[in-house]
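Student: One structure follows; several queries about it will come next.
The values are calculated or read from the model by the stated rules, or taken from the named source; none is laboratory data. Everything numeric here is computed off the predicted structure, so don't read it as measured data. Using ideal geometry, Cβ is built from the backbone for each residue, glycine included, and neighbour counts are taken over all protein chains shown.
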Amino acid sequence: MNIAVVLDRIVGILWGLPLLVGLVGVGLFFTVKSGFWQFRFFGHAFKYAYSMFTKKETSKEKDGILSSYQAIATALGSAVGIGNIAGVASAIALGGPGALFWMWVCALIGMATKMAEITLAVHYRTKDPNGEAYGGPTYYLEKGFKEKGYFGWKPLALIFGAGIMSDYFLGMSAYTISEAVSVTFHVDQILVGVGFAILIYIVVLGGIKRLGSVLAIVVPVMAVCYVLAGLVIILKDASALPATFALIFKSAFTPIAPVGGFAGASIALACRTGIARGVYSNEAGWGTAAMIHSTAKVDHPVKQGLLGIVEVFIDTMIVCSVTGLVIINTGSWSTGLSSSALALHAFEKGLGQWGAIVLTLGIFILGWTSVTAKYTNYEIVLRHAFGLNYKVRQIIIKLMRYGVALPGLFLTIYTVKKGIPSSMVWLCADMVTALPTYVNLIALFCLSGKFFTLLKDYTDKKFKPSKSNPVAVKLFSDD
C-alpha cells in the first residue's frame, strides 16, 4: 500500500461523517437559533465592512493591535489565497463539479459559524499591559470553559494548537506557488521557492502590525484583479453557463462517471472534498480567522463578528465561485489535471498565455498574502501556550518568526527531488485542517450561550434602541 492511499484513507476518516455532520450541524444550529441572522442582516454586515474600507478606523477602543479594517484585510489575506485557486481546482479534480455546490452550502451556513467564533474570540481575548489584545479558540476554551465550569479545556487546546502548528510545518502554499510559477515562466521551482521565502521574511519580520499595514493594501487590489480576469473568461462563453450550473447541481446529488482524464466521483466524495476545501479556504469553523480578528480595536465583539459574514461570502461565494466556474465552464475539469496545473490550464484556455500569466501572478501574490497572514495564527497559539512566561515566549516567537518560510522551502525542495504529486500535498492540508476544526466546533457549541447573549445585546442596541434592556452585558471578559 503506497503512502497516497494511506493518506487518502486517513483523510477519509478525519473528514468522514462525524466532521461533515459537525460542520453542517453547528452552522445550522447558529443559523436557525439566531433567526437566520446572517441573511436577515446581510446588508448591515456589508455596510459596516464598507465603512471599514472607506473610513479605515471607526472605533474609539484603544485595546488591540490592528484596526478593524486591518483585521479584516489580514483575515481575508489568510483566507483568500491558494485555497481559492489550487484548493478549488483540486476539489473539482477529485470530487467533480458537484464539489463546488458543497462549497457553497458550507459557506452559506458557515457565515454564522464564523461570526460566532470571531465574536467569542474578541470577547474572551487577553489584553497585555501595553494594550495589545490576543485571543482565539485556545483562549475561549480556557476562559469560557472555566467560566461555565466545564472540564477538559487543556487537552482540547493542545489538540487545536498542534493542528495549527502542523500547518506551519507543512508549508503547502509555498510548494503550490513555486509549482505554478515554474510551469508558467519555465523557472527552476526551487529557485522560485527561495525567492518566495525572502518575500515572506520581508513582511513577517515586522510582526503583526506590519502584516496588517501591508495586507490592507495588497489584498483588496489583488482579489479584485483576479475576480475580474475570471469573469472575463466566464462571460466569453456565457452561453455555456446554464449547462455548467446544471452539471454542478446534478453532480452534487448523483455519482458522476469517469470522463476524459477524470476518474469519476461519488456523492460522498464530492461532499467531502467540497466541504473540506471550503473550510480550508473560508476558514469558517477552523478557528484561524478568529485569532486574527481578536487583535482588532473594536468596542463590541459582535461588531467584529459581522466581518466574518463578509469574509466567507467574498472568499467562497465570489472568489472560489469564479475559479470553479472558469474550470467547469471551459471544460478543463475533465482533463485529469489537478491543483494549480488545472487552474492554469483553464485560465490559459480562456485567455491564452496571458491567462496563465495572470493566474500565476494571482497565485503568487494571494499565496504570499495568505502565508504571511497565517503567521498571526502561529504567534497567537504560542502566546497562549506560554502564557505569562514572557522570556520563554519571546524566544519561541522569535525562533518561529525567523523560521516561518523554511518549512515551505524544504517541502518544495523535497517534493521536486522526489517527484511527489501535488494531490498528496493537498491531502496533508486536509489532515491538518480537520483536527483544529473538531476542537473548535466543540468549543463553539459549548459556548454558544455566550454568543447568543452578545448577539442579542448588539441587535437590541443597534436595531431596537427604544427597547428597555435592564440586564447589563459584559462585552469583554477582561473588563
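Student: Of everything in segment 333-354 that's more than 25 Å from the chain's Cα centre (by Cα) and at negative phi, which residue is surrounded by the fewest Cβ atoms within 10 Å (Cβ to Cβ)?
Tutor: If we take residues in segment 333-354 being more than 25 Å from the chain's Cα centre (by Cα) and at negative phi, then Q353 is surrounded by the fewest Cβ atoms within 10 Å (Cβ to Cβ).
Student: Still on this structure: Looking at this structure, is E379 without any contact (Cβ under 8 Å) to a residue 24 or more places away in the chain, assigned to a helix (DSSP H, G or I) and among the acidic types (D, E)?
Tutor: Judged against the criteria, E379 is not a match.
Student: Name the residues in segment 123-132 that are closer than 17 Å to E379 by Cβ and either buried (at least 24 other Cβ atoms within 10 Å of the Cβ) or among the β-branched types (V, I, T) (or both), would you?
Tutor: Passing the criteria: R125, T126.
Student: So, in segment 255-305, exactly how many residues are among the small types (G, A, S), surrounded by fewer than 22 Cβ atoms within 10 Å (Cβ to Cβ) and assigned to a helix (DSSP H, G or I)?
Tutor: Here the count works out to 1.
Student: So is T433 at pLDDT 85 or above and of a type in the set (V, I, T) or not?
Tutor: No: the conditions fail for T433.
Student: For L170, state whether it is surrounded by fewer than 21 Cβ atoms within 10 Å (Cβ to Cβ), over 24 Å from the mean Cα position of the chain (by Cα) and closer than 18 Å to G419 by Cα.
Tutor: The answer is no for L170.
Student: Any residue at all in segment 314-326 that's surrounded by fewer than 24 Cβ atoms within 10 Å (Cβ to Cβ), more than 16 Å from the chain's Cα centre (by Cα), at negative phi and without any contact (Cβ under 8 Å) to a residue 60 or more places away in the chain?
Tutor: No, that holds for no residue.
Student: When you go through D478, D460 one by one, which is the residue that is of a type in the set (D, E), closer than 29 Å to V26 by Cα and at pLDDT below 80?
Tutor: D478
One line per residue, one yes/no per condition, for (1) surrounded by fewer than 23 Cβ atoms within 10 Å (Cβ to Cβ); (2) farther than 17 Å from L366 by Cβ:
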{"site": "I159", "(1), (2)": "yes, yes"}
{"site": "A162", "(1), (2)": "yes, yes"}
{"site": "T176", "(1), (2)": "no, no"}
{"site": "V194", "(1), (2)": "yes, yes"}
{"site": "L205", "(1), (2)": "yes, yes"}
{"site": "V214", "(1), (2)": "yes, no"}
{"site": "V219", "(1), (2)": "no, no"}
{"site": "L228", "(1), (2)": "yes, no"}
{"site": "P242", "(1), (2)": "yes, yes"}
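Student: If you check V439, V425, which single one turns out to be surrounded by 14 or more Cβ atoms within 10 Å (Cβ to Cβ), assigned to a helix (DSSP H, G or I) and modelled with pLDDT under 75?
Tutor: V425
Student: Let me ask something else about it. Does I413 fit the bill of being at pLDDT 85 or above and either part of a helix (DSSP H, G or I) or among the basic types (K, R) (or both)?
Tutor: Considered against the rule, which asks whether it is at pLDDT 85 or above and either part of a helix (DSSP H, G or I) or among the basic types (K, R) (or both), I413 comes out as yes.
Student: Residue check, E117 against (1) surrounded by 24 or more Cβ atoms within 10 Å (Cβ to Cβ); (2) over 23 Å from A429 (Cβ atoms); (3) within 20 Å of the chain's Cα centre (by Cα); (4) not polar (S, T, N, Q), all met but one. Which one?
Tutor: Among (1) surrounded by 24 or more Cβ atoms within 10 Å (Cβ to Cβ); (2) over 23 Å from A429 (Cβ atoms); (3) within 20 Å of the chain's Cα centre (by Cα); (4) not polar (S, T, N, Q), E117 violates only (2).
Yes/no per residue for (1) under 22 Å from the mean Cα position of the chain (by Cα); (2) within 26 Å of L455 (Cβ to Cβ); (3) of a type in the set (F, W, Y):
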| position | (1), (2), (3) |
| --- | --- |
| I85 | yes, no, no |
| L100 | yes, no, no |
| W104 | yes, yes, yes |
| L108 | yes, yes, no |
| G131 | no, no, no |
| T138 | yes, yes, no |
| K143 | no, yes, no |
| M165 | yes, no, no |
| I198 | no, no, no |
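Student: Ok, one more. Please state which one of G287, G352 is touching a helix residue (DSSP H, G or I) at 6+ places or on another chain (Cβ under 8 Å) and among the small types (G, A, S).
Tutor: G287
Student: Something else now. Name the residue that is modelled with the lowest pLDDT, counting only residues in segment 163-190 that are acidic (D, E) and farther than 22 Å from G136 by Cα.
Tutor: Taking the candidates together, the pick is E179.
Student: Another question, if that's okay. Looking at (1) in contact with a Leu (Cβ under 6 Å, 6 or more places away or on another chain); (2) surrounded by fewer than 23 Cβ atoms within 10 Å (Cβ to Cβ), find the lone condition where Y378 falls short.
Tutor: Y378 satisfies all of (1) in contact with a Leu (Cβ under 6 Å, 6 or more places away or on another chain); (2) surrounded by fewer than 23 Cβ atoms within 10 Å (Cβ to Cβ) except (1).
Student: Let me ask something else. Please pick out the residue among A263, A257, A284 that is under 20 Å from V319 (Cβ atoms), of a type in the set (A, V, I, L, M, F, W, C) and at pLDDT below 90.
Tutor: A284
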